[in-house]
Amino acid sequence: MSVPDEGDVVTYEVRGRVAIVTMNRPGYRNAQNSVMTYALDAAFLRAVEDPEVGAIVLAGNGDHFSAGHDIGTPGRDHHVSYENKAVMWWDHVDKPGGDQRYAREMEVYLGMCRRWRELPKPTIAMVQGACIAGGLMLSWVCDLIVASDDAFFADPVVRMGIPGVEYFAHPWVLGTRGAKEILYTGDRFSAQRAYEWGMVSRVVPRADLETTAMEMADKIAAMPQFGLALTKRAVNQCEDLMGIRAGMDSVFGLHHFAHAHNAEVGLGPLGGMDATAMKRGAAAAMKKAGEQ
Ligand code: ZN
């Protein structure tokens, strides 16, 4: 199966000591297909290998950071083989049922996100507009999140009957009540709300987003590189001791049980939802909320 050539779906730039990695599918609100996943991985690796780079900013070109995993653009490439980079497992293509889903999601979703969380250089997500589901995962793997005041976040996959996205960091980044609220309702939450929950580091006007993110990145990049790498490991190791890693592993099983249940009752792994149905569901929920 061929995938349309969209050119550079990720761009890479170095400004001073900061690498800027930018998702570049603005026409699809930076929906992440596997081409983008592996391009992101290559860009992160490039930044890690460059001794002149001290910090990394992850951005999204256009009006939105990322609308999530690609579940409906012409470039959707879930049936295409790519060389596994995140996990030691067989290729997912041509495998039946859960074997395929488990292999693929462990590699391109959970595995890649964990790999990027462990980048030995500090990362800052610079978020505007939509940051939904898989977009939320990408922002969460970054050490800091700078958001514009028009940014909005959501994990609506409970609408698919699935208990949250694959990188299940919700209780650790939102607290358990915040996690339950955003999952149970599927509602969007604002940058300000995310800031109050401790998920977002700064909320600034859209016009100041890049300056703020770059100022933070410049300041961090001036610190000793090895010291930063050890500090990042220190905090991440403590977060692992707080259960994030083990929790995520156990929830990944529930996530795949939900995919399998959906498929078993004949709705397909996404519970019969596609991008349009998800959008319709969100709009209906908002309308209902407005009527109350
Ligand atoms: Zn999944």
Original post:
When only Cα pairs under 8 Å and 6 or more residues apart are kept, what is the percent relative contact order across the chain?
Top reply: 17
Subject >> Whole-Å distance, taken between Cα centres, linking the stretch 169-241 and the stretch 113-148 >> reply: 8
**OP:** Mind checking the per residue accessible area of the chain for me, 1.4 Å probe, whole number of Å²?
**Re:** 47
Original post:
If each Cα of the chain is one equal point scatterer, what is log10 of I(q)/I(0) from the Debye formula at q = 0.15, 0.16 Å⁻¹?
Top reply: -1.23, -1.43
Original post:
For the stretch 132-226, which chymotrypsin sites (Phe, Trp or Tyr not before Pro) are in a loop by DSSP, counting at most 15 other Cβ atoms within 10 Å?
Top reply: none
**OP:** Tell me the GluC sites (Glu not before Pro) within the stretch 90-198 that lie in a loop according to DSSP and have at most 13 other beta-carbon atoms within 10 Å.
**Re:** E118
Subject >> Distant-in-sequence amide H partners of A55 (H built 1.01 Å from N, under 5 Å) >> reply: A19
**OP:** Just need the relative contact order of the stretch 157-292 here, percent rounded to a whole number, with Cα pairs under 8 Å and 6+ apart.
**Re:** 34
Subject >> Net lengthening on full extension, E239/T276 (0.36 nm per residue, minus Cα-Cα) >> reply: 9.7 nm
**OP:** Could you run the Karplus curve 6.51 cos²θ - 1.76 cosθ + 1.60 with θ = phi - 60° over the stretch 165-178 and give me ³J(HN,Hα) per residue in whole Hz, x for Gly and Pro?
**Re:** 5, 4, 8, 8, 9, 2, x, 7, 8, 10, x, 5, 5, x
Subject >> Carbon/sulfur fraction of accessible area - the stretch 10-291, other protein chains in place, 1.4 Å, % >> reply: 58
**OP:** Among the chymotrypsin sites (Phe, Trp or Tyr not before Pro) in the stretch 83-112, which ones are in a DSSP loop with at most 15 other Cβ atoms within 10 Å of the Cβ? Mind listing them?
**Re:** W89, W90
Original post:
Shape call for the stretch 118-241 from the C-alpha gyration tensor, a ≥ b ≥ c root eigenvalues: rounded (a/c under 1.5), prolate (a/b greater than b/c) or oblate?
Top reply: oblate
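The values are calculated or read from the model by the stated rules, or taken from the named source; none is laboratory data. Quantities reported herein were computed from a predicted structural model and do not represent experimental measurements. Cβ atoms come from the backbone with ideal geometry, glycine included; neighbour counts cover every protein chain shown. Heavy atoms of the whole protein, side chains included, go into the accessibility calculation; ligands, DNA and RNA do not. Shrake-Rupley method; radii C 1.70, N 1.55, O 1.52, S 1.80 Å.
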